[in-house]
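The block underneath contains the structure these notes are about, expressed in structure tokens.
The values are calculated or read from the model by the stated rules, or taken from the named source; none is laboratory data. Bear in mind the structure is a predicted one, so any value in this text is a computation, not a measurement. Note: ideal-geometry Cβ built from the backbone for every residue, glycine included; neighbour counts use all protein chains shown. Only protein heavy atoms, including side chains, enter the accessible area calculation; ligands, DNA and RNA are left aside. Shrake-Rupley method; radii C 1.70, N 1.55, O 1.52, S 1.80 Å.
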Number of protein chains: 2
Amino acid sequence: MKISTKGRYGLTIMIELAKKHGEGPVSLKTIAQANDLSEHYLEQLIAPLRNTGLVKSIRGAYGGYILSDVPSKITAGDVIRVLEGPITPVEGIEDEEPAKRELWIRIRDAIKEVLDNTTLEDLASHSEDGEADAYMFYI
Amino acid sequence: MKISTKGRYGLTIMIELAKKHGEGPVSLKTIAQANDLSEHYLEQLIAPLRNTGLVKSIRGAYGGYILSDVPSKITAGDVIRVLEGPITPVEGIEDEEPAKRELWIRIRDAIKEVLDNTTLEDLASHSEDGEADAYMFYI
DNA sequence: CAAAATCCATACTAATTTGATAGGCATTAG
DNA sequence: CTAATGCCTATCAAATTAGTATGGATTTTG
């Protein structure tokens, strides 16, 4: 029941690109260093993001990546779907018996609701402040 | 972003126990056969359910398992937490930067809301009918 | 042009998790 | 006693995750 580093680091990349949207290409090296991540690994994650058209690449010296659209038009769901596959708590929901099928569907819809209504703009604008939100720490 | 067979089969076991609650112990063999699952594998899954007190075992011939409480008092969240660990889309939410932390918390709370408000009674009562719910098939 | 910066592609690997299987001991109903 | 059942430990194969390694290909600066 976890989102792997693929989705998490992928979101990290996209948030960085959103923060610098309109300021020209951002290199993976910059993003890797700022977030203490492996540049090589990020390369593997951004490849599908490029292939599906969420980002565009500019090659050569002083190149990098830019968002294909404005941050308010790209959602967390767009990113997670590309890197983690379809958003669902189980594969083949249709094959489950009715009771569990209904449960998985409710969970799936709840997650989709959150991911599809959170844009990169939302995420980027909350990235600067370090304030703790009221509802932060509880399980 | 998946619930593994541990959680899914675990729920299957608990739903079966809920359906026969009050009718004496149910053996794993019965449950395994009814759901076409490996009895040995179910043994491994029910061990933590027994250790945490969600079910009680009756040893010996014609033994089996029974729920420790009425089906309306046990939730899907109780079962999933035991078999899958804490309900959260990422480990160490506290360590994430504010924007993503807020996103993970929203997802976590949405999932918890569903799991903690679905009881075994709900699930067991929907298990007999084979009717397709209106909102079944879409992604 | 040459060198540096950057993207691009493929292959390999170590660790972990998942989903079991195997075999035997312990307990109880009949 | 004996058959049916739970209980326990060990082992294992496949898949997934989280990277590393290597070597390009492309573009810009100087």
In segment B:111-127, anything open to solvent by 10 Å² or more (accessible area, probe 1.4 Å), touching a strand residue (DSSP E or B) at 6+ places or on another chain (Cβ under 7 Å) and assigned to a helix (DSSP H, G or I) is listed as B:Asp116
Which numbered condition B:Ser57 misses (of (1) more than 14 Å from DNA strand C (Cβ to nearest atom); (2) more than 14 Å from every other protein chain (Cβ to nearest Cβ)):
(1)
Given the structure, is A:Leu37 under 16 Å from the mean Cα position of the chain (by Cα), within 11 Å of DNA strand D (Cβ to nearest atom) and not in a helix (DSSP H, G or I)?
yes
Is segment B:83-106 home to any residue that is among the hydroxyl-bearing types (Ser, Thr, Tyr) and either within 30 Å of A:Leu11 (Cβ to Cβ) or modelled with pLDDT under 95 (or both)?
yes
Can you find a residue that is touching a Gly at 6+ places or on another chain (Cβ under 7 Å) and of a type outside the set (Gly, Ala, Ser) anywhere in segment B:4-24?
no
Filter segment A:1-32 down to the residues that are open to solvent by 20 Å² or more (accessible area, probe 1.4 Å) and near DNA strand C (Cβ under 10 Å from one of its atoms), then identify the one that is nearest to the chain's Cα centre (by Cα).
A:Lys2
Please go through (1) within 11 Å of chain A (Cβ to nearest Cβ); (2) open to solvent by less than 60 Å² (accessible area, probe 1.4 Å) for B:Leu42 and return the number of the only condition it doesn't satisfy.
(1)
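Matching residues to (1) charged (D, E, K, R); (2) within 13 Å of the chain's Cα centre (by Cα); (3) within 7 Å of chain A (Cβ to nearest Cβ); (4) in a helix (DSSP H, G or I):
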{"site": "B:Asp69", "(1), (2), (3), (4)": "yes, no, no, no"}
{"site": "B:Asp78", "(1), (2), (3), (4)": "yes, yes, no, yes"}
{"site": "B:Arg81", "(1), (2), (3), (4)": "yes, yes, no, yes"}
{"site": "B:Val90", "(1), (2), (3), (4)": "no, no, yes, no"}
{"site": "B:Asp109", "(1), (2), (3), (4)": "yes, no, no, yes"}
What is the number of the single condition among (1) loosely packed, with under 11 Cβ neighbours inside 10 Å; (2) within 11 Å of DNA strand D (Cβ to nearest atom); (3) under 12 Å from A:Leu83 (Cα atoms) that A:Asn51 does not meet?
(2)
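Let's see how each residue does on (1) hydroxyl-bearing (Ser, Thr, Tyr); (2) over 22 Å from A:Thr119 (Cβ atoms); (3) in contact (Cβ under 8 Å) with a residue 12 or more places away in the chain:
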site: A:Lys19; (1), (2), (3): no, no, yes
site: A:Gly24; (1), (2), (3): no, no, yes
site: A:Ser27; (1), (2), (3): yes, yes, yes
site: A:Ser38; (1), (2), (3): yes, yes, no
site: A:Val55; (1), (2), (3): no, no, yes
site: A:Ile66; (1), (2), (3): no, no, yes
site: A:Val82; (1), (2), (3): no, no, yes
site: A:Glu96; (1), (2), (3): no, yes, no
Just to be sure before I move on: is A:Gly63 touching a strand residue (DSSP E or B) at 6+ places or on another chain (Cβ under 9 Å), away from chain B (no Cβ under 14 Å), within 11 Å of DNA strand D (Cβ to nearest atom) and farther than 21 Å from A:Val82 by Cα in the structure I sent?
yes
